[in-house]
Structure formats: structure tokens, C-alpha cells
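Reading through the C-alpha cells given below for one structure.
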Amino acid sequence: MAPAMPPPVKLSESDLVEKISKGDEIPANFILPVEHRPEVCLTRSSDEIPVVDLAGLDGDKREEVLSVIHKACLEWGFFQVVNHGVDPSVQQYMKDQVEEFLALPVHERAPGGIRKGVASQGYGTGYVKPDTGARDWRDYFLLRTYPESMRDYETWPNRDSFRDAISKYTLEMKKLAEKLLECLSINLGLAPNALKDALGELHQDLLINHYPPCPNPSVAIGANKHTDLGGVTCLWQLDDVVGLQVLKDGEWYPVHPKPGAYIINVADMVEVASNGIYKSIQHRAVVNPAKRRVSIAAFYDLHPDAVVKPIPELVSEERPACPAVRFGDHAMKLAIETDKVGLKVVN
Ligand code: OGA
Ligand code: NI
């Protein structure tokens, strides 16, 4: 008889981060049940995931660029953008700061202590996922960046350059997301500011994902499958390691990031505001046996009291209105589902 799998050992959050950073073994807390194990090397081509040159938006190619974005939103919910207008010196500054941060010993990465719970900001590891019972093989830094009053500097590394880079970078991400929301609004036949207005005040979150090398990537997952909660997500990968996979027609497609590009996806609140014309698509990240991977996701999240409903012009007899959603309830759903199955949310 095969020996039963050992039960997860009770480890503190910082022990868990240390374990995955060392990467010489996979503690049981991270091992997925067989039915949830990912196919790591997909043979399917991701060349079809559209790459959009945003430089064309300002010239006579505008209509063409908008139509490529529209098709990408309808068919994939994902696309990459190049010539996106994000200041390359700000990207480099951010990258340098993140590399410096990740070079710190684990206990120095979290000045306010390891992050507690799903929603709070700071540095730590992921929580136990309700559908798999396992944790993600990643450590991450979650920062609330807009409105500026949300910035909890106590939990940020105490270096002026880190804070300065975050400020400059998140402003660029705010501008990029606003530009994309404008394109999506126009593509839906609406006024350019329609989606921005439907989402209300921006509550931007920045997530610095660090996926250390994993000794056996086929039994663990970097980011379990999910959709993003807010309006749109702008994700930048610091290295060229393939890890992100996107679900389309029941199959996972790997994303091969173009250097310097942003991977953009429609998130849940744009699905609601667009009355389901644009869908928020499931995605996940697999890990690599030899290489670390770092991604920085900027989420266009909302005020917890914001109630998003389908934009009236997009409701018709053939397309009745989908239910309105209060963002805070939607964001809590994760935590509640985790709680329901008796797993710890707050460590
Ligand atoms: C996320 C996410 C994927 C990645 O942070 O929401 O989907 O490639 N990340 O890191
Ligand atoms: Ni995501």
C-alpha cells in the first residue's frame, strides 16, 4: 500500500517564505491534489494571443488598433501591449528597486512583519486555496497605492528610493489603465469615460509576485486559477520565463511575454459593467524548476462600497442586465469561501 501523504506541517508564515525561497524541498502545504496538478509545458501556441501596438492609437491607424483590442477582448480577454507609453526609465527604476528588495533576506523584506490575512498590505506568502487545499508557490508584496491615503508606509521597505519608485510607477499604471478603459469604452460604443465612471474612484493595488524556482513544478502551482477582481489588470514580467497561462475554450495557453510589454486582461468589474460582453478570463501561473519569475500586477480595483451595474446602453431585450455587484462583497468572496471550508484565512 502506498504510504499516505504526510499532513501539512504547521509552519509560520515566515517559515513558509523561507522554505520556498530555499527551494530544496516542497513542504506538504504546497502539494496539490493530483486532479489539480497543472500541465507545465503546454504545446499549444500562444502566438495567437494578440499583441497590440498602442503607438498606432494616435495616428491614422487608430481604428485598426481599436478593432484589434475589441477582438482580443471578445476572443481572449487578454492581450499584450507594446509602445504603451510607459516611461522606460520609470520601468527600469521600478525593476531595480524590486531586484534590490528581493535580494534582501526574507526577514528584512517585511518591515511591518509578515502580512496577515488576505486583504491587508505587506509582504508574505499566499493563503490556502479553498478548491485545492494547497498554498501557492510564491511570496508576494501587496501594496495599496491609490488613493494615496491607502499607502501603509509602515509595511513598505524603509527606503526612499523604493517609495519613490512605487509612486512613479503606479502613476504610470494609472495612466495606462485609464487609456485602456477609454479604448474599451469606445469599442463598446460608449463615451470614452463610460467605464471609468461606471467603476468610480480608483483603488489601485500593486502586487509584486515572486515565484522562486520549484523542485517539482508539476505538483505545485505559482498562482492558482482565478479571475482578477477589479476593472483591468496591467501585468509586467521582469524576466522572460514563461509561466502565465490563460484559459480559452477549456484549454490553457501559455503567454510568451514580449520584452517590456504589458499583459492586459479584462477583470470582473468590467465584465459586469459591459453586461458580460467582455468576459473576465481565468488564468494561473505555473512555476519553473530552474528559474525564478517575477511579475508586477497593477490592479484597477474599486472602493469597497462601489456598486457596479451594467451600463444601460449595453442592456437590451436580447441581453438582459446581469446582477449588480458591490465591490467589497465581491472581494470578500475569496476570503469567505476560504473560511467556509474551514481553512485559515488569517495566520
Ligand atoms: C495575478 C496574476 C499572474 C502572473 O497576480 O493576479 O494573475 O503571471 N499573476 O504572475
Ligand atoms: Ni490574476
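The values are calculated or read from the model by the stated rules, or taken from the named source; none is laboratory data. Quick caveat, the model's predicted, so the values are computed rather than measured. Every residue, glycine among them, receives a Cβ derived from its backbone with ideal geometry; neighbour counts consider all protein chains shown. These area figures cover heavy atoms from the full protein model, side chains too; ligands, DNA and RNA do not enter into them. Shrake-Rupley method; radii C 1.70, N 1.55, O 1.52, S 1.80 Å.
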Check: For C322 and D96, what does the FRET efficiency come to when R0 = 45 Å and r is the distance between their Cβ atoms, rounded to the nearest 0.05?
Finding: 0.55
Checklist line | Dipole magnitude of the range 194-319 about its Cα centre (Cβ charges: Lys, Arg +1; Asp, Glu -1), debye to nearest 20 | finding: 620 debye
Notebook entry, point to check: Projected onto the charge dipole of the chain (+1 at Lys/Arg Cβ, -1 at Asp/Glu Cβ, origin at the Cα centre), which of A331, P312, P147 gives the Cα projection farthest towards the positive end?
Noted result: A331
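According to the square roots a ≥ b ≥ c of the eigenvalues of the Cα gyration tensor, what is the shape class of the range 61-100, taking rounded for a/c under 1.5, prolate for a/b larger than b/c otherwise, and oblate for the remainder?
Values: a/c = 6.95, a/b = 2.19, b/c = 3.17.
Because a/c hits 1.5 or more and a/b fails to exceed b/c, the range 61-100 counts as oblate.
Quick one: if the Förster radius is 25 Å, what FRET efficiency do H303 and K175 give, using the C-beta to C-beta distance and rounding to 0.05? Don't skip to the answer; put the middle values down first.
Values: r = 20 Å, r/R0 = 0.79.
Working from the Cβ atoms, E equals 0.80.
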Check: Taking the Cα centre of the chain as the origin and placing charges on Cβ (Lys, Arg +1; Asp, Glu -1), which of L184, N224, C214 is farthest toward the positive end of the dipole?
Finding: C214
Note to self: Test of understanding: what is the full-extension gain from K168 to S67, defined as 0.36 nm times their sequence separation minus their Cα-Cα distance?
What the structure shows: 33.3 nm
Item checked: Interchain or long-range residues, amide H under 5 Å from L302's placed H -> H203
Check: Carbon and sulfur together cover what percent of the accessible area of the range 77-345 at a 1.4 Å probe radius?
Finding: 53 percent
Next item on the list: Would you calculate, for the chain, the mean residue ellipticity at 222 nm contributed by helices, counting each DSSP H stretch of 4 or more residues as -39,500 (n - 2.57) and dividing by all residues, to the nearest 500?
Entry: -8500 deg cm²/dmol
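Ordering W252, W137 by accessible area with a probe of 1.4 Å, largest first, what comes out? Don't skip to the answer; put the middle values down first.
Values: W252 35, W137 0 Å².
Ranked list, largest accessible area first: W252, W137.
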Check: From the Cα gyration tensor of the range 126-193, with a ≥ b ≥ c the square roots of its eigenvalues, which class applies: rounded if a/c is under 1.5, or else prolate if a/b is larger than b/c, or else oblate?
Finding: oblate
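Send over a whole-number figure in Å² for the accessible area per residue of the range 77-345, probe 1.4 Å. Let's see the in-between values first.
Details: 10520 Å² over 269 residues.
Per residue, the range 77-345 has 39 Å² of solvent-accessible surface.
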Check: Hey, rough spin-label estimate for K116 and D24, points 7 angstrom out along Cα→Cβ, what's it come to in nanometres?
Finding: 3.2 nm
Next item on the list: For the chain, divide the Cα radius of gyration by the Kirkwood radius and give the resulting Rg/Rh value with two decimals.
Entry: 0.95
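Taking 0.36 nm per residue of sequence separation and subtracting the Cα-Cα distance, how much length would be gained by fully extending the chain between E154 and R44, in nm to one decimal?
Working: separation 110, 0.36 × 110 = 39.60 nm, distance 4.44 nm.
Roughly 35.2 nm would be gained on extension.
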Checklist line | Local electrostatic count, L176, Cβ distance below 12 Å [Lys/Arg +1, Asp/Glu -1] | finding: -1
Check: Where is the GNM fluctuation largest for the chain (alpha-carbon springs, 10 angstrom cutoff): C214, C41, C183?
Finding: C41
Note to self: I'd like to verify something in the chain: which complete DSSP H helices, judged by Cα projection on the helix axis, reach 15 Å or more and average at least -1.0 on the Kyte-Doolittle scale?
What the structure shows: 62-75, 88-102, 160-187, 327-340
